[in-house]
Amino acid sequence: MALDTIIKGGMVVTATDRFQSDIGIEDGLISVLARNLDDAPEIIDASGLLVMPGGIDSHVHLDQPGSPGIVMADNFETGTRSAAVGGNTTVLPFCLQAKGQSLRQAITEYERKAEGNCHVDVAFHLIVSDPTPHVLGQELPALIEEGYTSIKIFMTYDDLVLRDRDILEVLAVARRHGALVMVHAEGYDTIRFLTDQLEQQGNTAPFFHGPSRPVVVEREATHRAISLAELVDTDIMIVHVSNRQAMEEIRRAQQRGLAIYGETCPQYLVLTENDMDRAGMEGAKYVCSPPPRDHDSQLACWEGLQQGVFEVFSSDHCPYRYEDEAGKTNVKGKTSFRYVPNGIPGIATRMPILFSEGVDKGRISLNRFVALTSTNHAKRYGLYPRKGTIAVGNDADLVLWDDKRKVTITQDLLQDGCDYTPYEGMEVTGWPIRTIMKGRTIMAHGVVSKPKNGTQLKRTLPRVKTY
Ligand code: DUC
Ligand code: ZN
Ligand code: ZN
């Protein structure tokens with residue numbers, strides 16, 4: 001055995017276990033778990049630290065085109081750099097099919113943008129906005145076969161919305177070929193109706209983004225998405241769930257034996273609608289969809305995480321700069337919340353926020369933390385066991401975590417392409433000290449290594465139970 005690296009003296013934590021062990025790494029893979037390993041050219045001292053599977057963030061947006069004139073704050077270089085800062089070793093961004101564009105063309109473009117620019121491993125979901133017969137009949141089946149095994153669809157937004165008939169067609173293809181459909185569950189017509197009314201009343205400030213898409217809008221769409229999935233008899237993942245009513249819809253479906261999965265995100269645990277109620281355009285910094293809600297919604301999202309209704313915790317990193325005409329304060333955005341780009345940054349803060357608010361405050365166990373931030377993402381999206389756990393033969397993707405370290409979150413720590421963080425000034429306990437991807441340190445004490453060794457992963461079909 002010729003080890004390249006030994007991680008020495010740490011407490012290894014997986015989704016199910018916790019044990020004191022050294023980790024021997026050879027050719028980027030975990031080669032041995034044992035005590036008292038000491039023969040390798042590189043020995044990394046992990047004493048006093050937790051050693052967990054590297055974070056997997058299965059919901060991020062990088063270099064994704066939006067409305068004309070609006071530019072996302074992160075490309076693949078800056079977004080994956082910030083991911084490494086936050087303890088992640090794999091991210092799953094979206095490849096968005098523009099209307100009229102072929103899916104194949106879209107994935108070729110995204111892969112070109114990502115190639116050679118990623119600090120962590122990357123695997124794309126497909127966003128289907130134009131389910132033509134060719135997309136449904138040829139492109140999707142071929143791409144699923146090639147390892148693009150998850151598809152996001154939207155129930156709102158002019159450029160993305162699918163009507164129920166189209167949703168059924170996509171679900172049917174996913175069922176036939178074993179892919180997983182992720183659903184953005186907010187209703188198009190309800191939002192349009194309320195947005196028009198609010199504007200007519202002169203209620204155009206960023207705060208009114210919340211009232212334009214209240215809980216009922218999300219609950220109705222969640223219920224409808226579940227009903228359509230039941231009709232076709234296929235699995236779906238309801239992403240970015242923000243409130244109790246939507247969570248309860250998912251729970252009820254699960255109790256009826258349906259394969260409906262749920263995801264929630266940091267903004268629904270620690271932000272509320274009041275964050276959008278700030279002077280001038282400041283509230284725009286918190287505009288995302290679904291919007292942050294109230295205290296009871298936060299409690300409901302915790303319940304969902306604790307009780308297994310939600311199986312993944314993702315960032316929904318979707319960054320737009322604030323002081324920027326191509327971002328939150330674009331000229332039209334100042335006239336109405338309707339034009340403020342929806343989305344907030346959070347790729348680096350996802351794990352620290354869940355650790356601090358969840359593990360440190362006693363809401364979830366350490367094992368559940370690992371499941372929610374890594375293992376379940378790998379299982380659900382076809383990367384397990386290569387990713388998402390610590391076991392012999394798997395990629396040596398690790399995060400060394402100081403569970404006592406207190407950090408005040410500031411934008412400059414995060415190293416993304418944005419110019420603000422919605423979590424500025426928040427104090428967290430627990431912070432990633434070192435991120436290791438396929439045996440190589442990619443971040444140590446906040447410094448990200450120059451080489452960009454992230455690769456593009458193909459995935460297997462995602463039908464693995466996580467419970
Ligand atoms: N949906 C997302 O998944 N991310 C940001 C905006 C949105 O509507
Ligand atoms: Zn969405
Ligand atoms: Zn998203």
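The values are calculated or read from the model by the stated rules, or taken from the named source; none is laboratory data. Here the structure is a predicted model, which is why all the values come from computation and not from measurement. As a convention, Cβ positions derive from the backbone with ideal geometry for all residues, glycine included, and neighbour counts pool all protein chains shown.
Whenever a residue of the stretch 182-204 is buried (at least 17 other Cβ atoms within 10 Å of the Cβ), its partners that are basic (Lys, Arg), lying with C-beta atoms within less than 6 angstrom and at least six residues away or across chains, give the pairs 182/152; 186/213; 191/213; 195/338. Answer yes or no as to whether residue 117 is within 25 Å of residue 455 (Cβ to Cβ) and assigned to a loop (DSSP other than H, G, I, E, B). For residue 117, the condition - within 25 Å of residue 455 (Cβ to Cβ) and assigned to a loop (DSSP other than H, G, I, E, B) - is met. Within the stretch 260-277, restricting attention to residues that are touching a helix residue (DSSP H, G or I) at 6+ places or on another chain (Cβ under 8 Å) and free of Cβ contacts under 8 Å to residues at least 40 places away in the same chain, the residue that is surrounded by the most Cβ atoms within 10 Å (Cβ to Cβ) is 268. Please identify the pairs in which a residue from the stretch 230-245 that is within 22 Å of residue 264 (Cβ to Cβ) has its Cβ atom under 8 Å from the Cβ atom of a residue that is in a loop (DSSP other than H, G, I, E, B) and among the hydroxyl-bearing types (Ser, Thr, Tyr), counting only partners at least 6 apart or on another chain. Pairs that qualify, where the first residue is within 22 Å of residue 264 (Cβ to Cβ) and the partner is in a loop (DSSP other than H, G, I, E, B) and among the hydroxyl-bearing types (Ser, Thr, Tyr), are 239/314; 240/289; 240/314. Scanning the stretch 225-247 for residues that are farther than 22 Å from residue 171 by Cβ and either among the hydroxyl-bearing types (Ser, Thr, Tyr) or in a helix (DSSP H, G or I) (or both) yields 242, 244, 245.
Taking the stretch 89-114 as the range and being in a helix (DSSP H, G or I), without any contact (Cβ under 8 Å) to a residue 40 or more places away in the chain and not β-branched (Val, Ile, Thr) as the test, the residues that pass are 104, 105, 106, 109, 112.
Residues of the stretch 24-46 that are under 19 Å from residue 432 (Cα atoms) and under 28 Å from the mean Cα position of the chain (by Cα): 46 alone. Only residues that are β-branched (Val, Ile, Thr), within 16 Å of ligand 1 (Cβ to nearest atom) and either in a loop (DSSP other than H, G, I, E, B) or farther than 18 Å from residue 123 by Cα (or both) were counted in the stretch 48-88, giving 2. For the stretch 329-340, state whether one or more residues are basic (Lys, Arg), closer than 23 Å to residue 418 by Cα, within 16 Å of ligand 3 (Cβ to nearest atom) and in contact with a Ser or Thr (Cβ under 8 Å, 6 or more places away or on another chain). Checked against the condition, which is being basic (Lys, Arg), closer than 23 Å to residue 418 by Cα, within 16 Å of ligand 3 (Cβ to nearest atom) and in contact with a Ser or Thr (Cβ under 8 Å, 6 or more places away or on another chain), the stretch 329-340 yields no hits at all.
Would you mention how many residues in the stretch 189-213 are within 23 Å of the chain's Cα centre (by Cα) and either modelled with pLDDT under 95 or part of a helix (DSSP H, G or I) (or both)?
Residues meeting the conditions: 2.
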